[in-house]
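See below for the structure under consideration.
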Amino acid sequence: MVLRFPQDFLWGVATASYQIEGAPWEDGKGESIWDRFTHTPGTIADGTTGDVACDHYHRFEEDLRLMRDLGISAYRFSLAWPRIFPQGEGKLNEKGLSFYERLIDMLCVLGIEPVVTLYHWDLPQALQDMGGWENERVVRAFEQYAGVVFRRLGDRVKLWITHNEPWVVAFVGHYTGEHAPGLRDFGVALRVAKNLLVSHGLAVRTFREIGKEGEIGITLSLSPIHAFSEREEDQLAQKRFDGYFNRFFLDPLFRGAFPADVLEWYAKKGYPLAVSKEEEAIVSEKIDFLGVNYYSRQVVRHGCEEPLLKVATVKPEESQYTDMGWEIYPQGILEIVERVFQDYAPRKVFITENGIALPDQLVNGTINDGARIAFLREHLRYLHRAIQRGYAVKGYFVWSLLDNFEWAFGLSKRFGLVFVDYATGKRFPKESFFFYREVIEKGIEEESQ
Ligand code: IFM
């Protein structure tokens, strides 16, 4: 039997500006923190940069034709803030904005719904030079940037995402230092996390004030967090990690307050976070949908690997892992959807990212990525079950259309439905591309008993 998805379900793919565009200096674009970071020796595992990446800035028409062939109904991409405001604020760069206008116009011609993320990590370097997300002036600059693009693109764009994965921005960028801007200070990371959420709320307010038709939300990276054992110390570690990764963002967005147990723990460790009632009111501005990026679960126990949280992660031996070393755990997509609806009752959810990195090989022009097909099939079966249980999941976006620049891993990790030969820029649809096209067309077979 074939499992069918609702008629109005959005089938899409997702990308992000720095990961695919290249052309860092073209048409007046300003420097971003990722331009600076990738050109700093020792930051990127394979020593590559996003200077060219998929060269999408020059090849976007070809990429949109691939999307048409794939049969998707929606395309999620992000705007590079420094293309539009090279200094982050002040003078608008018309040429940068016009790139996105051309992209959106062509999407409209192809009948593909644009889903626009305002911030997928490429902060203008000029704003970092004044303290980055820790500085409230940057929060205000984001609000202004958001207002400009709502006004200029809001006649054609109906689905907006303010931020992509603020947990990663805050903690991987400012605590572990693996991402730009490469800072290693938990206190800074906490203030950045709060400011990102405040900037989100201000952008939502601006969107409502401008009054363009459409919907707005935020995308979080969420994972089910499982305790390694029933032991009390492992159960407490589970609660702390869930607080760090999931609740710190979900609670203020949907309940209007940061989780007290989490703030208390941080304060005890020497990292008090000042939050005002006004800030909490801004963060909890009503959103139309929640974007969920789901990749894996986390199994944790009490330990010292993460000294501040007193948590260690466990990799179950019986499981299979992706090329990123992430456990393949398809039922987690159902677990996280149920949890989000039961605890936070969003109006609706889009799965804004789901996908797998594999060591794909191009052999005679084809890429046999059966493991990606299995990954997508399993996740979609569980997602279908979530919809059957009545949860309002309204769309699914594969990460990613193309192999692309995977941040600290550079060009070494391949997530795409389309293989990119970086030496020539040539694109080769993988087997999974054709599989996904068939799913969009016909649905997915039910698991054989
Ligand atoms: O490539 C990233 C993306 O930018 C954000 N979500 C996770 C993906 C895979 O790591």
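The values are calculated or read from the model by the stated rules, or taken from the named source; none is laboratory data. Quantities reported herein were computed from a predicted structural model and do not represent experimental measurements. Cβ sites come from the backbone with ideal geometry, for glycine too, and all protein chains shown count toward neighbours. Side chains included, ligands, DNA and RNA excluded: accessible areas come from the protein's heavy atoms. Shrake-Rupley method; radii C 1.70, N 1.55, O 1.52, S 1.80 Å.
List of remarks:
- Ordering 418-431, 343-356 by mean Cβ neighbour count within 10 Å, with the highest value first, yields 343-356, 418-431.
- Pairwise FRET efficiency - residue 268 versus residue 98, Cβ, R0 = 45 Å, nearest 0.05: 0.30
- Sulfur and carbon atoms: percent of accessible area, the chain [1.4 Å]: 48
- Residue of 203, 392, 53 that the Gaussian network model of the chain assigns the largest fluctuation, springs spanning Cα pairs under 10 Å: 392
- Beta bridges by DSSP in the chain, antiparallel share as percent, to the nearest 5: 30
- Accessible surface, per residue, of the range 202-339 when the full set of protein chains is kept, probe 1.4 Å, Å²: 44
- Per residue, the accessible area of the range 26-137 comes to 37 Å² when a 1.4 Å probe rolls over the protein heavy atoms.
- Rounded if a/c under 1.5, otherwise prolate or oblate - the chain, Cα gyration tensor axes: rounded
- Positive-pole candidate from 164, 183, 92, dipole of the range 88-237, charges at beta carbon: 92
- Averaging the Cα positions of each part gives two centres, and for the range 40-98 and the range 19-35 these lie 8 Å apart.
- For the range 167-232, the list of GluC sites (Glu not before Pro) that fall in a loop by DSSP and count at most 14 other C-beta atoms within 10 angstrom reads 213, 230.
- Relative contact order (%) - the range 266-357, alpha-carbon pairs under 8 angstrom, separation at least six: 36
- Across the chain, the relative contact order, built from alpha-carbon pairs under 8 Å that are at least six residues apart, equals 19 percent.
- With q set to 0.12, 0.23 Å⁻¹, the log10 of I(q)/I(0) for the range 61-169, from the Debye formula over equal scatterers at the Cα positions, is -0.43, -1.28.
- The sum of -39500 (n - 2.57) across all DSSP H runs of n ≥ 4, divided by the residue count of the chain, sets its helix-only mean residue ellipticity at 222 nm to -12000 deg cm²/dmol.
- Sorted peptide list for 93-106, 21-34, criterion being average Cβ within 10 angstrom, highest first: 21-34, 93-106
- Between the range 199-218 and the range 352-398, the alpha-carbon center distance in angstrom: 30
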